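Right, one structure below, let's go through it.
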Protein chains: 2
Amino acid sequence: MKINEIGEFGFIERLKLCFDNLLQGNQVGIGDDCAVLSANEEEDWLVTTDMLMEEVHFLRQSITPEQLGYKSLAVSLSDIAAMGGTPLGSFLSIAIPVDVDVEYLDAFMKGYHHLSEKYHTPLLGGDTTKSLKHIAINVCVIGRCSKGKARKRNMAKVGDIVCVTGCLGDSAGGLKVLLEELPFTKEHEELVLKHHLPEPRLDEGHFLAGFEAVHALMDISDGIASDLVHILKSSGKSAVINVDALPLSEALKKTAELQKWKTLDLAASGGEDYELLMTVDRRALELVQQHFAEHFGKPLYPIGEITEGEARLTWRKGFRMIDFHPSVFNHFKK
Amino acid sequence: MKINEIGEFGFIERLKLCFDNLLQGNQVGIGDDCAVLSANEEEDWLVTTDMLMEEVHFLRQSITPEQLGYKSLAVSLSDIAAMGGTPLGSFLSIAIPVDVDVEYLDAFMKGYHHLSEKYHTPLLGGDTTKSLKHIAINVCVIGRCSKGKARKRNMAKVGDIVCVTGCLGDSAGGLKVLLEELPFTKEHEELVLKHHLPEPRLDEGHFLAGFEAVHALMDISDGIASDLVHILKSSGKSAVINVDALPLSEALKKTAELQKWKTLDLAASGGEDYELLMTVDRRALELVQQHFAEHFGKPLYPIGEITEGEARLTWRKGFRMIDFHPSVFNHFKK
């Protein structure tokens with residue numbers, strides 16, 4: 001059987017079943033943004049690991065080594081943000097083809113260091129090795145959060161409002177600019193930068209996890225059409241999302257209009273935005289929104305709500321239900 | 001500048017300098033088998049990460065998927081053993097080319113699960129993604145040890161006896177059997193199995209770390225000619241090793257004689273034996289050896305001693321100093 005027949009999540013499901021019997025105590029293993037381990041009486045520790053492969057996740061000629069170093073760490077820091085945690089340190093494994101020179105690696109590490117410094121995350125170890133052809137990168141980040149306060153995907157409740165921390169689809173738009181080799185206008189450059197230099201929402205995640213009313217929390221790596229379904233499956237709930245409420249940047253709207261892109265497809269299933277996706281108790285929504293806006297000078301966007309039912313994601317446009325089927329991301333699909 | 005001009009360890013040295021300023025509290029970062037983090041008042045936690053690349057670390061046609069799954073975990077568990085720790089859980093990232101089928105992955109996970117179960121190490125998370133050509137694997141393992149008891153490379157003292165837990169060079173011999181496509185005799189098969197299914201010395205590491213007299217400890221991944229120099233550099237000491245004392249298996253001796261291999265080169269710089277290498281207070285050596293032999297039913301092998309001086313490794317044969325220069329392993333050397 002080919003791997004694309006069961007897909008990435010099919011394979012992960014098999015792994016989860018196979019290893020659940022080895023879990024000890026209150027360990028949380030496979031199936032969330034991070035594993036959760038009880039480190040001491042005040043803290044849980046969070047662990048996440050992400051792999052980036054050349055020509056699958058990035059093209060060496062499109063992304064500068066500095067941007068690649070930054071992004072390699074950013075995607076794992078984003079998983080710590082997705083649990084409401086704070087990073088403790090990172091571990092970098094990198095497989096290097098012989099045609100990569102030291103200057104390239106120095107630039108890579110400059111970008112990695114920049115983000116490490118910004119979020120006080122030391123590089124604590126790793127592995128370097130040779131690769132025959134492609135650069136392979138794996139970053140593991142360890143973080144911490146207050147005992148029992150990690151925000152998991154299974155915490156959504158019926159009636160919760162689904163919110164996101166920022167614009168959706170920019171990163172996917174940036175990727176399209178690169179793949180379609182569009183000229184670097186101001187808007188195109190803005191989208192490409194969102195694709196290459198995503199900001200891990202650590203401050204936002206930590207802030208939001210301070211509210212009891214913020215229930216399920218995760219980061220948007222594959223697009224909400226795919227990511228929200230993880231929350232729905234874990235929580236045993238359904239959701240209705242209003243496509244009119246999806247926050248879109250001016251750069252994406254303008255470019256999509258000119259290039260005749262399907263904006264909603266990009267926003268719903270584009271992936272790699274690394275904004276946070278959460279469900280908030282509707283009675284506290286206004287309060288959370290107000291505090292968030294005061295603290296960060298930007299809004300928290302409500303985009304839909306959690307409903308009864310088993311993991312069904314439906315879409316409306318204003319008050320009208322619509323037949324919308326954004327393509328769902330799958331690494332193993334051709 | 002090409003990466004092979006500074007080598008793997010040159011690159012790691014650059015990283016260490018670049019990130020040391022971000023270390024917090026008593027974190028131990030780059031430069032040992034594991035990073036050491038203070039988890040609570042009784043325990044330090046250990047973190048290690050290892051990357052395996054197809055056609056660099058393994059050949060898909062030579063190793064079965066089950067063996068590959070086993071070995072991927074074994075090399076990281078060995079790093080936990082090298083600190084005297086006990087594993088808590090593992091994280092597996094795997095990049096999968098489209099020509100790999102589900103049956104291959106199931107067999108891989110069977111081997112991985114076998115070792116996970118043996119050492120009570122649940123798989124707690126990971127990442128699965130597509131690869132264009134080669135399988136790339138990264139395993140991160142978290143472990144624990146009693147507070148302040150992690151055995152580090154910088155703990156060697158002048159007069160210490162250098163010991164190893166088992167035979168050297170078998171894994172390198174097994175690799176030669178594969179590369180030279182020798183027929184699978186009983187001895188050849190024994191060597192190949194040592195190469196494909198190394199036993200992480202977790203029980204031995206944990207046991208040895210119980211003795212105050214066991215000072216520096218590490219695992220042998222690149223061969224003692226390379227690995228012992230890490231201990232010498234970290235400790236600011238030198239060492240003299242007696243080549244006559246290097247423990248050699250009957251299978252290696254017999255095969256080496258028939259194939260005219262340089263046995264000592266294989267034993268000193270072959271790599272991937274994953275036995276433990278340590279320095280022991282000479283006054284307690286006999287006691288440690290005796291307890292070790294009673295507990296494990298096999299000897300602890302003394303192979304040399306720690307001397308004054310800056311990281312110089314010299315060799316003797318019996319009492320005669322010899323001019324011996326085993327090739328030192330470097331991934332980036334052609």
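Structural remarks
- Note on chain B: semi-axes of the ellipsoid equivalent to its C-alpha gyration tensor, largest first and rounded to whole Å, are 29, 26, 20.
- Shortest-first nm distances, B:Pro183 label point to equivalent points in other copies (7 Å, Cα→Cβ): 7.2
- Cut-off 18 Å, label 7 Å out along Cα→Cβ of A:Glu41, residues of region A:144-181 by amide N: A:145-149
- Distance from the alpha carbon centroid of region B:294-323 to that of region A:100-169 works out to 43 angstrom.
- Annotation: the residues B:Ile30, B:Ile142, sorted from fewest to most other C-beta atoms within 10 Å of their own C-beta, follow the order B:Ile30, B:Ile142.
- Over chain A: helical MRE at 222 nm, DSSP H runs n ≥ 4 each giving -39500 (n - 2.57), nearest 500: -11000 deg cm²/dmol
- For region A:227-300, pairs of C-alpha atoms spaced more than 14 angstrom apart make up 72 percent of the total.
- Diffusion coefficient, µm² s⁻¹, Stokes-Einstein with Kirkwood Rh over alpha-carbon pairs of the protein assembly as shown at 37 °C and 0.692 mPa s: 125 µm²/s
- Of the GluC sites (Glu not before Pro) in region A:1-81, the ones in a loop by DSSP (not H, G, I, E or B) with at most 16 other beta carbons within 10 Å are A:Glu41, A:Glu42, A:Glu55.
- Using alpha carbons only, the radius of gyration of region B:184-330 set against its Kirkwood radius gives Rg/Rh = 0.96.
- Low-density loop cleavage sites - GluC sites (Glu not before Pro) in region A:241-334, where at most 16 other Cβ are within 10 Å (DSSP): A:Glu308, A:Glu310
- In this structure, A:Asp323 and A:Leu59 have a Cβ-Cβ separation that, at R0 = 56 Å, corresponds to a calculated FRET efficiency of about 0.95.
- Using a 7 Å Cα-to-Cβ projection, B:Asp99 label spacings across copies, nm, ascending: 2.0
- 7 Å along Cα→Cβ, label-point gaps from B:Val240 to other copies, nm, shortest first: 8.5
- Computed from the alpha carbon atoms alone, the convex hull of region A:86-193 holds 194 Å³ per residue.
- Label-reachable residues, region B:28-50, where backbone N falls under 17 Å from a point 7 Å from B:Glu13's Cα toward its Cβ: B:30-32
- Proxy reagent accessibility, fewest Cβ within 10 Å first, across A:Tyr301, A:Tyr112, B:Tyr70: A:Tyr301, B:Tyr70, A:Tyr112
- Calculated SAXS-style log₁₀ I(q)/I(0) at q = 0.10, 0.16, 0.20 Å⁻¹ - region A:36-146, Debye, Cα scatterers: -0.29, -0.69, -1.00
- Here is the list for region A:146-244: trypsin sites (Lys or Arg not before Pro) lying in DSSP coil, each with at most 16 other C-beta atoms within 10 angstrom of its C-beta, are A:Lys147, A:Lys149, A:Lys157.
- In a reduced charge model with +1 at each Lys and Arg Cβ and -1 at each Asp and Glu Cβ, region B:1-152 shows a dipole moment near 220 debye about its Cα centre.
- Electrostatic bookkeeping for B:Asn138 treats Lys and Arg as +1 and Asp and Glu as -1; over the other residues with beta carbon under 11 Å from its beta carbon, the sum is -4.
- Distance between modelled label sites at A:Lys118 and B:Leu132, nm, 7 Å Cα→Cβ extension: 2.8 nm
Laboratory data are not the source of any read-out in this text; all were calculated from the coordinates shown. Given the structure is predicted, the values throughout are model-derived calculations rather than measurements. Note that we place each Cβ from the backbone using ideal geometry, even for glycine, and neighbour counts take in every protein chain shown.
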